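In what follows, a structure is listed as structure tokens, so that the remarks can point back to it.
The values are calculated or read from the model by the stated rules, or taken from the named source; none is laboratory data. Since the model is a prediction, treat every value here as computed from it, not as a measurement. Cβ coordinates were reconstructed from backbone atoms using ideal geometry, including for glycine residues, and neighbour counts include every protein chain displayed. In case anyone asks, the SASA skips ligands and DNA or RNA and just uses the protein heavy atoms, side chains included. Shrake-Rupley method; radii C 1.70, N 1.55, O 1.52, S 1.80 Å.
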Amino acid sequence: MSHAAPVAPDKPLVVLTQRTVWLIFGALMASMFLSSLDQTIVGTAMPTIVGELNGVEHQGWVITAYILAVAIGMPLYGKFGDLYGRRWPFLVAIGLFTLASAGAGFADSMLTLVLWRAVQGLGGGGLMILSQSIIADIVPASERGKYMGPLGALFGISAVLGPLMGGWLTEGPGWRWAFWLNIPIGIAAFAIAWFALRLPSHRSSRPVDWAGIVTMAVATTGIVLLTSWESLSSSGYDWSNWRLSGLAVLTLASVAAFIVAETRAKEPLIPLRLFTNRTFTITTLIGLVLGMGMFSAMAMIPTFLQMSTGAGVTESGWLMLPMMAGMMLTSIVSGIAISKTGRYKAYPVVGLVVVGLAMVWLTTLSGDMSMWLFGAMIFTLGAGMGLVMQTIVLAVQNAVDPHELGTATSANNFFREIGAAVGSALFTTIFTTRLTDNLQGVFAGAPGGGAGSEASLTPAAVQQLPEPFKSGVIDAYADSLAPSFWYLVPLVAVGLVLAVFLPVIKLSDVAGMVARGEAVADPAKAPAAGDGVVSVDGGTDGGIDGVGSRVAGTTSDDGSTTPDDDGHPERERADIVGS
């Protein structure tokens with residue numbers, strides 16, 4: 001990888017020793033665990049929460065508010081991190097998340113809880129995006145796989161551990177501990193980040209894209225509300241309802257206004273020119289379809305387990321452990337392999353094939369199946385996801401200019417969140433529609449036609465039903481869930497086709513901060529004279545001898561440097577070595 005000629009730095013440079021990198025990585029792991037865990041830990045505690053706070057009619061908002069705030073916050077943290085540096089936004093994100101966790105734990109009404117959950121989401125979105133961006137800042141793409149693998153595994157752990165811990169805390173010390181648990185972890189993460197994240201901060205004279213921010217927030221809110229309408233409205237998707245149709249019109253208008261705003265902004269929130277980068281476009285679309293498939297598959301499986309096996313909320317979490325194990329295994333192994341070989345394209349291709357096969361296998365779910373067989377199914381699903389998730393983030397970070405690492409990373413994750421919201425809503429609607437029809441058939445022969453029986457079913461109640469109603473309910477859940485996975489198979493197939501056309505770009509051997517002239521990777525290259533290289537403890541280690549310059553433009557194949565017309569270097573790197 002070639003870079004522009006070095007220019008003299010105007011600030012002391014950070015020395016990226018291995019100790020520094022591992023300290024920062026530890027802070028990132030703690031903070032990402034916070035944000036990813038909280039997306040799932042509340043779900044199993046929800047019935048108890050709404051019962052205590054008398055908020056059954058508003059329970060959907062507890063999860064929706066968090067998802068919405070995460071989605072809106074992602075692009076903001078990505079762009080502001082690129083413009084002003086990532087240290088202070090990261091500390092703000094940890095602080096917001098920890099403070100909101102305390103507030104949610106002490107909430108005495110549903111409205112208070114929802115508001116604190118939104119604040120939590122604003123912090124959580126920053127933790128996820130800034131963690132991935134900071135890794136790209138301090139670790140070259142050629143070595144990043146061994147760090148991104150554990151981060152991907154962390155998502156898998158939290159996805160399964162969240163419901164497990166939520167159930168255990170609800171049945172034990174109480175649901176408020178699902179929030180209070182974040183406080184000591186958050187304080188520890190903040191302390192580690194305060195001392196370990198010696199990242200540069202800088203000023204930017206470029207105007208903030210307020211039009212883009214507002215239209216993005218309105219459009220995102222509309223999309224999330226539309227996809228969550230089934231749980232937020234008692235009437236469901238009744239398009240004669242002026243609120244629903246008005247929301248749809250407002251959402252479409254906001255999307256159009258956002259596109260216009262981004263074409264006119266001098267420093268757009270999500271630069272549309274990123275989509276001229278083939279790697280960015282393909283990886284973003286893969287993230288979109290994977291988000292739709294992954295979160296849809298995970299949404300209803302715990303419910304099926306509770307109904308079919310009689311498992312409680314905690315036990316159903318344990319039954320999801322094979323998925324976590326599969327995701328952890330392949331995330332870590334593929335990350336290490338990518339770092340050793342420098343090749344990454346095969347992993348999303350193989351991963352999407354495995355995910356597709358797992359989806360087809362899950363269409364054979366039945367009420368009386370062995371839990372060992374079920375474990376093998378979801379282990380396969382998790383293994384496929386682990387091969388894809390962090391690999392596409394690595395690919396997009398490697399393909400964009402170092403000045404736009406945060407913006408590109410946040411945009412990629414943003415569209416994955418949108419995909420998750422849309423996919424989960426569509427899958428849930430398909431599942432619940434089939435389930436309602438199936439359950440009506442089960443209770444048709446009951447006294448009084450079984451009126452109201454479907455609505456009052458709980459896992460414990462199902463286990464107490466006499467035969468043939470018990471077997472009928474379990475089969476109804478299986479017959480509703482299993483065929484629904486067929487609707488996800490075409491999505492995975494689209495992702496697979498996209499992955500086949502993913503360009504292969506040589507992994508850069510220069511970390512983002514080094515490429516921007518904010519750090520030096522190897523202290524041994526620094527001369528003895530004190531020219532302003534700072535170590536993590538604030539001391540001075542000398543100059544840089546041409547290592548780690550600010551990039552004034554990208555170097556083309558003929559050696560020339562070409563900045564774009566707004567002063568940034570050209571965003572797409574041209575060193576494609578094969579496809």
Phi angles of segment 120-128, converted by Karplus (6.51 cos²θ - 1.76 cosθ + 1.60, θ = phi - 60°) into ³J(HN,Hα) in whole Hz with x for Gly and Pro, give 4, x, 4, x, x, x, x, 4, 5
Rounded to a whole number, the Stokes-Einstein D of segment 109-172 in µm²/s (Kirkwood radius over Cα pairs; 4 °C; 1.567 mPa s) is 91 µm²/s
Counting sequence-distant residues (5 or more places) and residues on other chains, those with an amide H built under 5 Å from that of VAL504 are VAL577, GLY578, SER579
Using alpha-carbon positions, the gyration tensor of segment 172-304 gives root eigenvalues a ≥ b ≥ c; with a/c under 1.5 called rounded, otherwise prolate if a/b exceeds b/c, else oblate, the class is oblate
Quick calc, segment 102-219, dipole around Cα centre from Cβ unit charges on Lys, Arg (+) and Asp, Glu (-), nearest 20 debye, gives 260 debye
Neighbours of PRO207 by Cβ distance under 10 Å: Lys/Arg at +1, Asp/Glu at -1, summed charge 0
Reduced to Cα centres, the span from segment 394-446 to segment 354-387 in Å works out to 18 Å
Whole-Hz Karplus couplings 3J(HN,Hα) for segment 363-368, θ = phi - 60° and coefficients 6.51, -1.76, 1.60, Gly and Pro as x, run 5, 9, 3, 9, x, 10
Residues whose modelled amide H sits under 5 Å from the amide H of ALA519, counting only those 5 or more places away in sequence or on another chain, are VAL14, VAL514
Here, LEU99 and THR364, labelled 7 Å along Cα→Cβ, have an inter-label distance in nm of 5.4 nm
Most packed first (mean Cβ within 10 Å per residue), the peptides 26-32, 390-396 order as 390-396, 26-32
Mean accessible area per residue over segment 148-199 (1.4 angstrom probe, all protein chains present, square angstrom) is 37 Å²
Going residue by residue through segment 213-222, the Karplus relation 6.51 cos²θ - 1.76 cosθ + 1.60 with θ = phi - 60° gives ³J(HN,Hα) values, rounded to whole Hz and with x marking Gly or Pro, of 4, 5, 5, 5, 5, 5, 5, 5, 4, x
Extension length gain for TYR237 and LEU373 (0.36 nm per residue less Cα distance), in nm, is 45.3 nm
Under 5 Å from the placed amide H of ASN277, counting only residues 5+ away or on other chains, we find none
The FRET efficiency for THR432 and LYS506, from their Cβ-Cβ distance with R0 = 45 Å and rounded to 0.05, is 0.40
Looks like segment 65-123, by Cα gyration tensor root eigenvalues a ≥ b ≥ c and the a/c under 1.5 rounded cutoff (else prolate when a/b is bigger than b/c, oblate otherwise), is oblate
